[in-house]
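Trainee: Input: one structure, supplied below.
The values are calculated or read from the model by the stated rules, or taken from the named source; none is laboratory data. Here the structure is a predicted model, which is why all the values come from computation and not from measurement. Neighbour counts run over all protein chains shown; Cβ positions are idealised from the backbone, glycine included.
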Amino acid sequence: MRIGWAARFGPLVLRQDGEGDDLYSAYLAGGEMSDPLPREGVAQDSAAAVFGRFLVLGVEHIIPKGTDHILFVLGLFFFSLRMRPLLLQVSAFTAAHTVTLALASLGIVTVPAAIVEPLIAASIAFVALENIRSGRIGWVRIAVVFGFGLLHGLGFASVLGELALPRAQFATGLIAFNIGVEIGQLTVITLAWALVARPFGHRPWYRARIAVPASAAIAAMGLWWVAERTFL
């Protein structure tokens, strides 16, 4: 049999009870259905199947479902068109969210979503406002991005925490999910470069007409989310 429900009810976390470390677990969104499951006994989930499923889940957590994470990455992109600042920021962000994703998924670090989600929104507004103030990279900016990466890692971990993967599948699912997140982030940066930086980045008015207004819009969205997630 296969299990699922209507998309209007939101995502469904499905875990199979039983003995063993290769039990089936899935995060079903958008009306998705589970894999075929036996009516008796337990489904055996191979490492390859787990890896593929969580790789896709990681990508989807950025594109198309992670609007806040997309705006944060675009905030890093609009800081500067030079490769060094972009690589330093993305590397710091990746290292940070990888650490907290693992710690939170293992249950070592636990922070309520009511705290994490408004702070993630505030991080989006902060980096975007910093873009308007300055386009020069420094260790303060790198440290700030690293700190915000820790917050975003806690946000990513909510999915793996809900799934409660069996121990044998945990490392595979965690690695695959993290790789999927990185693929999603790199896709956002690549599209931004192809659609914005390549055709307009060399123009003398690029910062005044594109980077600053885009950063202002991102900041406004971040501030709205702070209010929404705190008071509404």
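Trainee: Give the range 1-16 a look and list any residue that's surrounded by fewer than 11 Cβ atoms within 10 Å (Cβ to Cβ) and touching a residue at least 12 places away in the same chain (Cβ under 8 Å), or say none.
Mentor: 1, 2, 6, 10
Trainee: Here are the criteria: (1) out of contact with any helix residue (DSSP H, G or I) (no Cβ under 9 Å at 6 or more places or on another chain); (2) part of a helix (DSSP H, G or I); (3) over 17 Å from residue 133 (Cβ atoms). Tell me which single one residue 213 does not satisfy.
Mentor: (3)
Residues are listed down the side, and each one gets a yes or a no for (1) within 14 Å of residue 97 (Cα to Cα); (2) at pLDDT below 95; (3) in contact with a Cys (Cβ under 9 Å, 6 or more places away or on another chain); (4) not aromatic (Phe, Trp, Tyr):
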{"residue": "142", "(1), (2), (3), (4)": "yes, yes, no, yes"}
{"residue": "154", "(1), (2), (3), (4)": "yes, yes, no, yes"}
{"residue": "157", "(1), (2), (3), (4)": "yes, yes, no, yes"}
{"residue": "161", "(1), (2), (3), (4)": "no, yes, no, yes"}
{"residue": "167", "(1), (2), (3), (4)": "no, yes, no, yes"}
{"residue": "173", "(1), (2), (3), (4)": "no, yes, no, yes"}
{"residue": "180", "(1), (2), (3), (4)": "yes, yes, no, yes"}
{"residue": "195", "(1), (2), (3), (4)": "no, no, no, yes"}
{"residue": "201", "(1), (2), (3), (4)": "no, yes, no, yes"}
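Trainee: Something else now. Of the residues 192, 211, only one is of a type outside the set (Ser, Thr, Tyr), surrounded by 14 or more Cβ atoms within 10 Å (Cβ to Cβ) and more than 22 Å from the chain's Cα centre (by Cα); which?
Mentor: That would be 211, the only listed residue that is of a type outside the set (Ser, Thr, Tyr), surrounded by 14 or more Cβ atoms within 10 Å (Cβ to Cβ) and more than 22 Å from the chain's Cα centre (by Cα).
Trainee: When you go through 185, 169 one by one, which is the residue that is in contact with a strand residue (DSSP E or B) (Cβ under 8 Å, 6 or more places away or on another chain), surrounded by 16 or more Cβ atoms within 10 Å (Cβ to Cβ) and not β-branched (Val, Ile, Thr)?
Mentor: Within the list 185, 169, the selection yields 169.
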